[in-house]
Structures are given as C-alpha cells and as structure tokens.
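Readers should treat all values here as calculations from the given coordinates under stated rules, not as data from a laboratory. Computed from a prediction, not measured in an experiment: that's the story for all the values here. Methodologically, a virtual Cβ is constructed for each residue, glycine included, from the backbone with ideal geometry; neighbour enumeration extends over all protein chains shown.
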Protein chains: 2
Amino acid sequence: MTKPLRLGIAGLGTVGVGVVRMLRKNADLLKTRTGRPLVITAVSARSQKDRGVSLSDYAWEDDPVKLATRDDVDVFVELMGGADGPAKAATEAALKAGKDVVTANKAMLAEHGHTLANLAEDGGQVLRFEAAVAGGIPVIKALTEGLAGNEITRVMGVMNGSCNYILTRMQSAGLTYEEVFAEADGLGYLEADPQLDVGGIDAAHKLALLSSIAFGTQVKFDGVALEGIERVSIEDIRQAADMGYRIKLLGVAQMTARGLEQSMSPCLVPETSPLGQLEGGTNMVVLEGADVGQIVLRGAGAGEGPTASAVLSDIIDIARGLRLPTFGQPADSLKTVPAAQSTVPAPYYLRLDLLDKPGALAKVATALGDAGVSINRMRQYGHEDTTAPVLIVTHTTTREALDVALAGLPGTGVVTGDPVALRIEEV
Amino acid sequence: MTKPLRLGIAGLGTVGVGVVRMLRKNADLLKTRTGRPLVITAVSARSQKDRGVSLSDYAWEDDPVKLATRDDVDVFVELMGGADGPAKAATEAALKAGKDVVTANKAMLAEHGHTLANLAEDGGQVLRFEAAVAGGIPVIKALTEGLAGNEITRVMGVMNGSCNYILTRMQSAGLTYEEVFAEADGLGYLEADPQLDVGGIDAAHKLALLSSIAFGTQVKFDGVALEGIERVSIEDIRQAADMGYRIKLLGVAQMTARGLEQSMSPCLVPETSPLGQLEGGTNMVVLEGADVGQIVLRGAGAGEGPTASAVLSDIIDIARGLRLPTFGQPADSLKTVPAAQSTVPAPYYLRLDLLDKPGALAKVATALGDAGVSINRMRQYGHEDTTAPVLIVTHTTTREALDVALAGLPGTGVVTGDPVALRIEEV
C-alpha cells in the first residue's frame with residue numbers, strides 16, 4: 001500500500017499548525033513507518049493570515065464543509081473545536097462523503113460522540129480522537145487497544161492542565177485562588193470561556209470519552225457529577241498539605257451495580273502518590289484493569305507538539321490500515337446505563353464556618369452522627385471575628401450519608417455559609 | 001470478519017495459564033471488542049500436570065513445533081521462553097507455515113529479533129511482542145503507534161522488577177545487598193539464573209528491543225553497555241539518599257552523532273522524580289519525542305495478570321486486522337549503526353577507599369583534575385582502620401574523561417580496591 005494518504009486539515013490554530021509542521025518535518029520518517037506518503041492536499045481556516053508555516057502547497061477552502069468533501073481528501077482532520085457549528089457540520093459531511101475523520105474535539109465527541117460514531121460505522125468510516133484526551137499521552141490507544149484484554153474496573157485522571165497549574169501554584173506560592181486565576185488568565189493558560197477549565201467541564205468531557213471506551217457505554221457527558229475548583233481556598237490547600245494530601249481536580253469513573261459513576265471534582269490525594277506528585281500543566285491518567293492492575297500514564301496535556309503528536313498517531317493508524325470502531329467496539333453495541341452518584345464509600349474533608357456559641361462543635365458532631373457520618377479528626381482554629389473555621393475529616397462514608405449530614409447542618413443554627421466537602425481518594 | 005481466530009499456545013507456566021484464564025473469563029468482552037471469537041484450539045507444554053485450569057477442550061501437542069504448524073492454528077502464542085531451543089524452532093516453524101506469532105520472549109527477540117522479523121515479513125506474517133517489555137505496560141504499542149509521529153530522542157526505563165525490589169528494600173530496611181538478594185531468592189523473585197536479573201541482562205534485552213523501534217535500527221543487544229547491581233552497597237544507597245537521590249538500575253538509549261548509545265547500569269536519579277519514586281517490583285518507561293516531549297508509563301512489570309494482558313493485546317490486534325512490521329517499520333529498512341559509549345556528559349558519583357596517608361585526598365583531586373574531571377562535592381568519612389571511604393560527586397563530565405581519571409587512580413598510590421562510579425541522571 002504505497003498510495004499517498006491525502007489529508008484535509010480544517011483549523012489552523014496552535015494544533016493545526018503543529019500538525020502541518022510535524023507532517024513536513026517528519027515526512028520521510030512517516031513514510032518509512034507507515035509505508036506510504038502522508039500528504040496534505042487542502043487546508044481551511046477562518047483567515048489566511050501568516051501562521052509562520054508555508055501553506056502555498058495546499059489548496060485553500062474557506063468553507064470547512066467543502067474541504068471535508070473534496071475528492072482529493074481521504075482523511076478529514078478537524079481541529080476547529082466547538083461542540084456544534086462548523087466542526088460538527090464538516091465532520092458529518094466528511095463521514096457522509098466516505099472520508100475518515102481525525103479530530104481533537106472533546107466537546108463535540110462528548111456531546112455528539114454516539115451519533116457521530118454510528119454515522120461513521122454505518123458507512124465503514126473511522127472517526128478517531130486521540131488528541132481529545134490528555135494531549136500527547138496515548139491514552140485512547142492504551143485503553144482501546146493496549147488494555148483491551150481486560151475488564152476495566154476504574155479510570156481516573158487529572159486531565160486539565162490549567163486547573164492543575166492553578167492548584168499547584170496556589171500551594172507553592174501561597175496565593176489565593178483569585179490571584180492565581182488572574183495570573184493564569186494573563187498568561188493565556190485559560191480557555192476563552194474560563195468556566196470550561198475551572199468549572200471542570202473540559203476535564204469532564206475527557207472523562208466521559210474514556211468511560212465510554214472503558215465500560216462499553218454510550219458517551220454520557222451529562223452523567224458526570226461535576227464540581228469545579230472555584231471554591232478551593234488556599235486554606236483548604238494548606239490544611240490538606242498539613243495532613244499529607246494535595247488537592248487535585250480528579251476525574252473518576254467506575255461501573256457499579258447501580259450504574260456508571262462518573263465524577264470530576266476537587267479531591268484530596270496522598271502527596272506521595274503519583275497523582276499527588278503531579279505538578280503544573282502535566283496530565284496523568286490512571287487505568288485499572290482486572291488483570292493488568294494499575295497502569296499510570298503521564299505527559300503534557302496540551303500544547304502544539306504534544307497535541308499534534310496525538311493527531312498524527314490517529315492519521316498514522318489510518319495510513320497503516322487500522323480500522324477500529326470509534327469507542328473500541330461497534331457503536332450499536334454500546335450500552336446505555338443509568339448514571340449513579342458515587343456509591344463507593346470514601347472519607348471526606350469538610351471545612352465549615354462555625355458561629356462562636358457554646359456547644360457549637362457538639363451540635364455539628366451530633367448532626368453528622370445522626371446521618372451516620374463518623375468523625376476521624378476535627379480541628380478548630382483561632383479566630384478574630386464571630387465565626388471560627390472548623391476542619392473535619394470523616395471516616396469512610398457514602399456520599400449519600402454525607403449529603404444527609406450536610407443538609408442537616410443549617411438546622412443546628414451554628415453553621416454559616418456553605419460547607420466545603422472534598423472526597424479523599426487514597427489512590 | 002466474524003471467523004474465529006484460532007490460537008495455539010505453547011508454554012503453560014504462569015503467563016501461559018494467565019492467558020488461558022483471561023481468554024475464557026473475558027470471552028464475551030473480547031468478542032465484542034474484536035468482532036470475532038478468540039478460541040484456543042491446541043496447547044503444548046513440557047508435562048500434562050494439573051495447572052488449576054481446565055485444558056480438556058484443547059488438543060494437546062507434546063512438540064511445540066507440531067503445535068505451531070497445525071492446520072487449525074492461526075496464531076502461534078509462544079510463552080516457553082529461552083533465546084534458542086524449542087521457542088525459536090517453533091517460532092520459525094510457525095512463521096514458515098504462514099502463522100502469525102505472539103511471544104513474550106525478550107531473550108529470543110533481543111538475540112534473533114532481526115532474523116525473525118525478516119522471516120515474518122517475507123511471508124506476510126506478523127510477529128508481536130508487547131509482553132516482552134515491561135509486563136502489563138503497553139509500551140511497545142505506545143512507542144510503535146502512539147508516538148509514531150515523533151522522532152524519538154531518548155528512551156529510558158526501570159524494567160527489571162527484581163532489581164528494583166532489591167534496591168528499594170536495601171534502602172527501606174537498611175539491609176546489605178547480600179541480605180536482600182538472599183531474601184528475594186527465597187521469595188522466588190529471581191530467575192533460575194539470577195544473573196539475568198541482577199546482572200542487568202534481562203533489562204538490557206528489553207532496552208535493546210525498545211531502541212530498535214525508537215531509532216529504526218536492527219536490534220543489537222551486545223551494543224548495550226551493561227553493568228549489574230551487584231556492586232551497589234548499602235553505603236552507596238545511604239550516601240545517595242543523603243544527597244536527595246535514589247539508585248535505580250536504569251536503561252538509557254539515545255542516538256548520537258557517534259552512534260546508538262545503549263546503557264543499562266545503576267544510576268542516581270532525583271528522589272522526587274517519577275523514576276526516583278518507583279518502589280518495589282513496579283516498572284517505569286520514559287519515552288521522549290521531539291514533539292510530544294516526555295511520556296512516562298508505569299505499571300506492573302511482571303506477574304500472571306499483567307503479562308497475560310500484554311499477550312492478549314497482541315492477539316486482539318491481530319484479531320482486529322492490525323498488521324504492523326515487528327519493529328514498527330519494515331525489517332529491511334532497519335539500519336545498522338555503530339554502538340557508542342555514552343558520549344552524553346553527566347555528573348558522576350564516585351566512592352573509593354583511600355589509604356590514610358597525608359595528602360591522599362589532594363592526590364586524588366589532582367588525578368581527577370589531570371583527566372579534566374572537576375569535583376563538585378567531596379566527603380571523607382570517619383574510619384577505624386587504615387582506609388577511609390571517600391565520596392565524590394563530579395561536575396558534568398564525559399564517561400571517556402571519567403575512565404581516564406579512574407585509570408589514573410592506582411598510580412596515586414593512595415587508592416585501594418576498585419572505585420564505584422555511578423552516573424547521575426537528572427531526569
């Protein structure tokens with residue numbers, strides 16, 4: 001098979017330019033490894049501005065749908081982003097026109113992945129998305145292929161570099177969330193809509209994609225119990241560190257008797273664990289299989305080179321003739337299962353503000369006890385105003401019991417504001 | 001493609017039995033994921049003893065060569081081990097008979113990989129070996145496919161769990177090498193010939209296989225500069241710890257202007273680095289690509305489940321129709337390059353025994369300086385006999401200069417015995 005594989009690339013931002021650069025720089029290497037030339041025939045972007053890379057060898061299309069359906073394109077490479085709009089229209093057009101599609105678009109796949117996978121498989125096309133999850137880490141391949149002999153028992157990960165940057169920077173510099181957020185925004189580390197990052201949405205998109213492959217289920221983004229990092233205070237980070245923990249925006253997915261549990265939320269993890277050691281913008285994914293045990297993958301979760309590398313790996317697979325279903329098994333065999341809220345018991349970290357009244361601590365302890373939540377450690381801090389910060393680490397309990405306990409706190413008359421409750425994952 | 005894929009398994013030790021168990025337990029899952037049943041048709045082993053798993057559904061062959069060439073076998077699964085002998089004979093017979101081969105045999109591939117890859121590719125067969133390197137970690141797949149868009153710049157790894165167990169146990173329990181070696185041997189952690197483990201041979205086999213894929217070179221095991229862990233003393237481990245390092249049996253492979261450098265030797269790595277944090281029998285492989293940066297993979301490097309999982313992933317690839325050359329590019333395109341001895345400069349840790357004579361330290365410092373090796377830190381310890389242990393950390397230097405310096409030490413008349421010299425890798 002020495003026929004060139006002809007690529008049409010839509011979207012020439014950081015990642016798109018990275019893909020063009022790698023295809024040019026590594027042309028000989030890629031031909032040796034795949035047995036055929038990988039050639040760009042046409043590109044599309046919003047404007048024809050100078051991007052520091054020559055595009056004169058390629059046809060230009062203003063309309064990505066036109067690019068996607070060109071006769072001289074075998075693989076449509078979608079790097080525009082956005083769950084809907086041009087990205088989705090062009091992807092659908094490409095699949096309907098018999099083109100394979102490679103995309104880095106986590107939002108589109110988390111929202112429409114099942115429909116798109118069906119569309120691809122109906123026509124015998126492939127739709128691949130290694131670059132959509134954890135940047136340069138070949139995690140989709142590891143899960144879909146490398147560990148495919150295993151029943152997957154759990155998937156975990158820190159998959160948003162911006163959040164991890166904010167949390168580790170708060171810790172190392174002793175700055176508040178607001179200070180580091182402003183800093184990260186100024187450095188261009190955050191999405192145009194920062195809520196995608198700090199609200200955990202971007203990371204939850206990624207988790208939903210991994211879940212689908214791991215558990216053979218239809219991708220279900222709205223099944224992810226989602227909590228951002230906005231309420232994590234420097235105080236929480238300090239207290240966690242005192243107890244030997246770090247706070248990470250951690251995704252966890254596991255199949256239970258009650259359904260598929262998916263959560264993306266700030267959690268405490270041991271500081272000596274691989275997840276606890278993860279600094280700055282690096283990503284880490286933990287895959288657990290019944291036979292293989294725990295496999296940990298670590299690498300750059302974003303950036304031109306790492307993301308382009310992942311896009312290339314999908315293109316290379318197609319060039320080599322690997323044709324897998326989008327989620328590792330036929331789309332029509334993917335199950336729908338109910339979304340379950342974490343039934344797996346865990347200890348929790350609580351921080352609440354207590355009114356300075358006699359017997360206040362006892363009232364809180366009673367409220368927790370009444371809900372079946374027992375206290376492992378409790379600390380009250382010195383204070384200058386009328387409320388005192390109190391920190392509680394519970395024994396292992398269910399989220400259900402904890403929610404009952406939290407609902408009972410206002411009734412004590414001694415707790416002000418909303419308590420912070422973070423799960424402790426002893427990974 | 002719903003035709004069953006028919007497997008013949010030779011070798012029913014821990015890994016072979018693990019593969020049989022996984023194929024039975026996960027039969028439905030595997031059929032869903034590959035689109036076809038994976039069935040065992042025949043097995044072979046040295047004896048028909050009870051192995052805790054029913055083999056009555058499968059034909060039995062005493063001779064693995066006969067098994068490998070049976071008409072009802074599509075894929076020959078070689079799990080006997082040994083670089084030559086029955087494993088090689090049966091693998092060759094299978095390939096000549098038009099069968100694909102999956103093997104966990106690092107010794108056979110490190111010694112004969114190039115010949116076997118040529119044999120496979122001449123006939124259009126595939127020969128796969130995910131289980132040969134780092135147990136359950138899908139590292140062959142990550143390198144051959146996941147990072148295939150990159151020029152690979154360096155490969156590193158801790159890939160012998162027994163050595164890592166010995167080194168971490170020495171550290172944590174404060175025991176000598178000899179004590180922990182005896183303990184590990186008693187626990188059955190070591191190969192029948194322990195030199196394969198502690199001499200670094202097993203780990204070097206694995207490194208040579210990774211090098212071949214990474215750099216597109218013919219596998220060259222005898223090009224690995226090899227040093228085992230036998231000379232690492234508890235004193236070295238303590239001194240390293242004092243300076244913030246751990247000692248690991250570390251493999252490093254990189255292409256330089258002078259050729260392919262491959263080394264497997266005890267090295268100092270920062271205790272806070274992913275490699276430094278690696279405890280016990282776990283393996284870790286670090287892959288560095290020009291665009292993707294550093295990717296770190298961690299998991300169980302041995303054992304029934306992890307190794308069987310890797311064997312299964314190769315079988316699944318074949319069932320799904322993925323047909324790659326053994327080393328990721330056609331065997332006849334693999335280069336032969338000279339083996340180079342580490343030209344990449346690094347700091348070194350030296351431990352030597354000094355005679356208690358006036359000016360002894362100065363003589364050592366002069367000998368090192370004459371060879372162009374400058375000293376960063378030096379410590380002399382209290383002592384009760386006529387020699388004093390001295391510890392030196394050099395500034396960054398070449399191995400060549402260091403060897404000149406070491407050769408000059410006997411001439412000083414103040415150094416007794418062979419100095420220990422360990423490279424420091426600031427990974």
request  = Subtract the Cα-Cα distance of B:Asp370 and B:Ala241 from 0.36 nm times their separation in residues, and report this length gain in nm to one decimal.
outcome  = 43.5 nm
inquiry  = Through the Karplus equation 6.51 cos²θ - 1.76 cosθ + 1.60, θ set to phi - 60°, convert the phi angles of segment A:41-56 into ³J(HN,Hα) values in whole Hz; use x for Gly and Pro.
reply    = 9, 8, 9, 8, 7, 5, 9, 9, 5, 6, 10, x, 9, 6, 10, 5
ask   = Ordered by residue, what ³J(HN,Hα) values in Hz, to whole numbers, does segment A:117-127 give under the Karplus form 6.51 cos²θ - 1.76 cosθ + 1.60, where θ = phi - 60° and Gly and Pro are x?
value = 4, 4, 4, 4, 6, 4, x, x, 8, 10, 10
task = Have a look at A:Gly98, A:Leu29, A:Val415 and report the one farthest towards the positive end of the charge dipole of chain A, computed about the Cα centre with Cβ charges (Lys/Arg +1, Asp/Glu -1).
result = A:Leu29
ask   = What are the GluC sites (Glu not before Pro) within segment B:320-427 that DSSP puts in a loop, where the Cβ has at most 11 other Cβ atoms within 10 Å?
value = B:Glu384, B:Glu426
note = segment B:234-387, Kirkwood Rh and Cα Rg, ratio Rg/Rh at 1.09
note = Row for segment B:1-123, column shape: gyration tensor on C-alpha, a ≥ b ≥ c, rounded if a/c < 1.5 i.e. under 1.5, prolate if a/b over b/c, else oblate; value oblate
inquiry  = Out of all DSSP beta bridges in the protein assembly as shown, what portion is antiparallel? Express it as a percent rounded to 5.
reply    = 65 percent
remark   = The long-range amide H neighbours of B:Thr217, using H built 1.01 Å from N in the peptide plane and a cut-off of under 5 Å, are B:Lys335
query = What shape does chain A have by the C-alpha gyration tensor, where a ≥ b ≥ c are the square roots of the eigenvalues, rounded means a/c under 1.5, and otherwise prolate means a/b greater than b/c and oblate the rest?
reply = prolate
query = Which length gain, in nm to one decimal place, applies between B:Asp332 and B:Glu183 when the Cα-Cα distance is subtracted from 0.36 nm times their residue separation?
reply = 49.1 nm
task = Compute the long axis of helix B:177-186 from its Cα atoms, compare it with the longest principal axis of the Cα atoms of chain B, and write down the angle in degrees, 0 to 90, nearest 10.
result = 20 degrees
key: Dipole moment magnitude, nearest 20 debye, segment A:172-307 about Cα centre, only Lys, Arg, Asp, Glu C-beta charged   = 560 debye
note = Taking Cα atoms, the helix B:201-215 axis meets the longest principal axis of chain B at an angle in degrees (rounded to 10) of 80 degrees
message = Relative contact order for chain A: what percent, with Cα pairs under 8 Å and sequence separation of 6 or more?
response = 16 percent
task = Counting only C-alpha contacts under 8 Å and six or more residues apart, can you give the relative contact order of segment A:348-424 as a whole percent?
result = 49 percent
remark   = Comparing A:Met156, A:Met255, A:Met22 in a Gaussian network model of chain A (Cα, 10 Å), the one with the largest mean-square fluctuation is A:Met22
query = Sorted from fewest to most neighbouring beta carbons within 10 Å, what does the list A:Met108, B:Met159, A:Met243 look like?
reply = A:Met243, A:Met108, B:Met159
task = Mind running the shape call on segment B:139-301? Use the C-alpha gyration tensor, a ≥ b ≥ c as the square roots of the eigenvalues: rounded below 1.5 for a/c, prolate if a/b tops b/c, oblate otherwise.
result = prolate
ask   = In what sequence do B:His112, B:His395, B:His205 fall when counting other Cβ within 10 Å, fewest first?
value = B:His395, B:His112, B:His205
inquiry  = With +1 on the Cβ of every Lys and Arg and -1 on the Cβ of every Asp and Glu, and nothing else charged, how large is the dipole of segment B:5-132 about its Cα centre, in debye rounded to the nearest 20?
reply    = 500 debye
request  = Would you work out the relative contact order for segment B:5-132, in percent, from Cα pairs under 8 angstrom that are 6 or more residues apart?
outcome  = 24 percent
task = Would you mind telling me which residue in A:Gly85, A:Gly280, A:Gly305 has the biggest mean-square fluctuation in a Gaussian network model of chain A, where springs connect alpha carbons within a distance under 10 angstrom?
result = A:Gly85
query = DSSP beta bridges in chain A, what fraction antiparallel, as a percent rounded to 5?
reply = 65 percent
query = In deg cm²/dmol and to the nearest 500, what is the mean residue ellipticity at 222 nm of chain A if only DSSP H runs of at least 4 residues count, each as -39500 (n - 2.57), divided by the residue total?
reply = -10000 deg cm²/dmol
ask   = Rounded to the nearest 20 Debye, what is the dipole magnitude of chain A about its Cα centre when Lys and Arg each give +1 and Asp and Glu each give -1 at the C-beta?
value = 1140 debye
ask   = Measuring from the lowest to the highest alpha carbon on each principal axis, how far does the protein assembly as shown reach, largest first, in angstroms?
value = 81, 70, 66
Restraint check, A:Lys96/A:Lys206; A:Lys31/B:Lys106; B:Lys3/B:Lys141; A:Lys335/B:Lys31; B:Lys99/B:Lys220; A:Lys220/A:Lys248, Cα-Cα greater than 19 Å = A:Lys96/A:Lys206; A:Lys31/B:Lys106; B:Lys3/B:Lys141; B:Lys99/B:Lys220; A:Lys220/A:Lys248
ask   = To the nearest 10 degrees, how steeply does helix B:360-370 sit against the main Cα axis of chain B, on a 0 to 90 scale?
value = 60 degrees
Dipole-positive endmost among A:Met170, A:Gly186, A:Leu196 within segment A:151-203 (Cβ charges, Cα centre) = A:Met170
query = Applying 1/(1 + (r/R0)^6) with R0 = 51 Å to the Cβ-Cβ distance of B:Ala83 and A:Ala89, what FRET efficiency is obtained, to the nearest 0.05?
reply = 0.35
query = For the charge dipole of segment B:348-424, defined by +1 on Lys and Arg C-beta atoms and -1 on Asp and Glu C-beta atoms about the Cα centroid, which residue among B:Ile424, B:Leu406, B:Leu354 has the Cα displaced farthest towards the positive pole?
reply = B:Ile424
message = Could you give each residue of segment A:6-16 its phi-based ³J(HN,Hα) in whole Hz, using Karplus coefficients 6.51, -1.76, 1.60 with θ = phi - 60°, and x for Gly or Pro?
response = 9, 10, x, 10, 10, x, 10, x, 3, 5, x
